[in-house]
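Scroll down for the structure; my scribbles are underneath it.
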Amino acid sequence: MTQASASGLACEARLNLRNLPLYINRISDRLQSFDADASQDGQRLDFRFAFGGASFDMDRLVMRANAADRDGLARIKDLLATAVEVYAREENPEIVWTGDLAGETRLAPFREMAVLGDTELTPHMRRIRLGGEDLSRFAKFGGMHIRMLFPTREVPDPLWPVLGSNGLPAWPSVDRRPVARVYTIRTLDVEKGIIDVDFLIHPGDSVGAHWAMQAAPGMKIGIMGPVGRPVRPASWYLMGADETGLPALARLLETLPAETRGVAFVEIADDSEKQVIDNATGIELHWLPRNGEAAGLDDRLARAILSVAWPTGSAFGWFAAEAAAARIVREHWRGSLGLGRDETLAAAYWRRGAAGLMAG
Ligand SMILES: Cc1cc2nc3c(=O)[nH]c(=O)nc-3n(C[C@H](O)[C@H](O)[C@H](O)COP(=O)(O)OP(=O)(O)OC[C@H]3O[C@@H](n4cnc5c(N)ncnc54)[C@H](O)[C@@H]3O)c2cc1C
């Protein structure tokens, strides 16, 4: 039975998995990358997040979640269910939660938003201001990004997802399903109910860039989140981004502590794409214009990152760009330099020639 603690909410799900011991290390690694402290007591693994706790009972094949409030419990259920679905995929796990909020269909990470306005930041970067209610969860959990759910030509009037009994989103049938892409919350004002998202208007047939070009006040869009791993605190950062990673990099430069040092490289099409960033840190910012070269075709950004010597002491590497560049940087940091997951984050934000969702 699930014990609802006096201080909050609790629930559990049976794990009918033959090979749980084979996956548990990767599940544990993933949960720790979301800032969970892990501990083990015999056959029981415990995880403590800032917003609640989780455990895996390897004898009884049960996972449990607890949190002080609904948002926290929904977040932990989502993290656990996603980790199990990803790493135990070959056993096609069927997760059914019992306990607090088991019958809930409201999808906690989802909000319907309305376009309030737009600003041309540069020739190819368009800021869309979105308004919505109850946005406080987007300031929690350490993730800077959202999954945006777009209407398309084929599905102009989509239905939004609800909460499935496994703690994950349940989607409508294909003919009513919105199309998802991941974007960064460039700025968030919880009090005013406002989120700004900076869209790169890139060439090619697209969903996100196409929507942003046509966005007009009153248009509706769905968002889910926040998504993404937290950036670890450090006193020195090495950062790299192309235009798709620029909104996140700019947000980091505007919010990291003033005493932070390091170096950041941003690849842009040409000088007209430079943006004014209110850099609150001592991190040196360098722009790398492509000057006519197509995006994702050369490795100047990755080479710039590889040319910087990794310091001794507290440091973090953060990189967000096209998939091939992200691979070069990840292999260098994790492979050649032997740095850990808690010291680096090198993410593919898009893939040349492929459409779709890049975030896990
Ligand atoms: C965590 C995360 C945060 C992100 N934040 C932002 C953000 O704040 N702003 C932003 O603009 N993007 C951001 N991106 C990148 C964005 O999700 C991708 O560029 C996505 O492909 C855009 O969707 P789309 O529908 O416009 O194009 P798609 O339909 O996915 O792709 C259509 C075609 O366009 C190409 N394409 C996609 N992106 C680019 C590009 N940058 N340059 C050239 N060609 C491209 C594809 O290869 C494909 O051929 C983020 C991605 C991740 C994973």
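The values are calculated or read from the model by the stated rules, or taken from the named source; none is laboratory data. Being a predicted model, the structure only gives us computed values, none of them experimental. Using ideal geometry, Cβ is built from the backbone for each residue, glycine included, and neighbour counts are taken over all protein chains shown. Just the protein is used for accessible areas: all its heavy atoms, side chains included, with ligands, DNA and RNA removed. Shrake-Rupley method; radii C 1.70, N 1.55, O 1.52, S 1.80 Å.
A few points about this structure:
- Residue in region 308-322 that is loosely packed, with under 13 Cβ neighbours inside 10 Å, within 14 Å of the ligand (Cβ to nearest atom) and not assigned by TED's automatic domain parsing to the domain that holds residue 210 present: no
- Of all residues in region 77-103, those being of a type in the set (Val, Ile, Thr), part of a loop (DSSP other than H, G, I, E, B) and over 24 Å from the mean Cα position of the chain (by Cα) number 1.
- Taking every residue in region 336-360 that is touching a residue at least 12 places away in the same chain (Cβ under 8 Å) and more than 28 Å from residue 81 (Cβ to Cβ) and pairing it with any residue that is part of a loop (DSSP other than H, G, I, E, B) and away from the ligand (no atom under 16 Å from the Cβ), at least 6 positions away or on another chain, the pairs with Cβ-Cβ distances below 7 Å are 337/310.
Results for (1) within 16 Å of the ligand (Cβ to nearest atom); (2) farther than 28 Å from residue 186 by Cβ, shown as yes or no for each residue.
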position	(1), (2)
69	no, no
78	no, no
85	no, yes
100	no, yes
110	no, no
122	yes, no
144	yes, no
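- Test for residue 179: is it at pLDDT 95 or above, away from the ligand (no atom under 11 Å from the Cβ), assigned by TED's automatic domain parsing to the domain that holds residue 146 and not acidic (Asp, Glu): no
- Restricting 106, 129 to residues that are out of contact with any Cys (no Cβ under 6 Å at 6 or more places or on another chain), open to solvent by 50 Å² or more (accessible area, probe 1.4 Å), closer than 16 Å to residue 184 by Cβ and not in a helix (DSSP H, G or I) narrows the list to 129.
- Positions within region 98-135 being modelled with pLDDT under 95 and of a type in the set (S, T, N, Q), in sequence order: 105
- Selection status of residue 243, in a loop (DSSP other than H, G, I, E, B), modelled with pLDDT of 95 or more and surrounded by 20 or more Cβ atoms within 10 Å (Cβ to Cβ): yes
- Some residue of region 199-211 being open to solvent by less than 10 Å² (accessible area, probe 1.4 Å), within 19 Å of residue 145 (Cα to Cα) and more than 12 Å from the ligand (Cβ to nearest atom): no
- Region 212-240 - residue that is within 16 Å of the chain's Cα centre (by Cα), of a type in the set (A, V, I, L, M, F, W, C) and under 25 Å from residue 107 (Cβ atoms) and, of those, most open to solvent (accessible area, probe 1.4 Å): 227
- Listed here are the strands (runs of 3 or more DSSP E) enclosed by region 180-235 that have at least 2 residues being under 20 Å from residue 351 (Cα atoms): 194-200.
- Search result, residues across region 331-355 that are surrounded by fewer than 19 Cβ atoms within 10 Å (Cβ to Cβ), touching a strand residue (DSSP E or B) at 6+ places or on another chain (Cβ under 7 Å) and part of a helix (DSSP H, G or I): 334
- Sole exception among (1) open to solvent by 60 Å² or more (accessible area, probe 1.4 Å); (2) acidic (Asp, Glu); (3) part of a loop (DSSP other than H, G, I, E, B) for residue 298, by number: (1)
- Qualifying residue in region 258-270 (condition: in contact with a helix residue (DSSP H, G or I) (Cβ under 8 Å, 6 or more places away or on another chain) and assigned to a loop (DSSP other than H, G, I, E, B)): no
- When 111, 44, 48, 26 are checked against the criterion of being of a type in the set (Lys, Arg) and open to solvent by less than 40 Å² (accessible area, probe 1.4 Å), 111 stands alone in meeting it.
- Exclusive hit being touching a helix residue (DSSP H, G or I) at 6+ places or on another chain (Cβ under 6 Å), of a type outside the set (Asp, Glu) and within 12 Å of the ligand (Cβ to nearest atom), set 290, 351: 351
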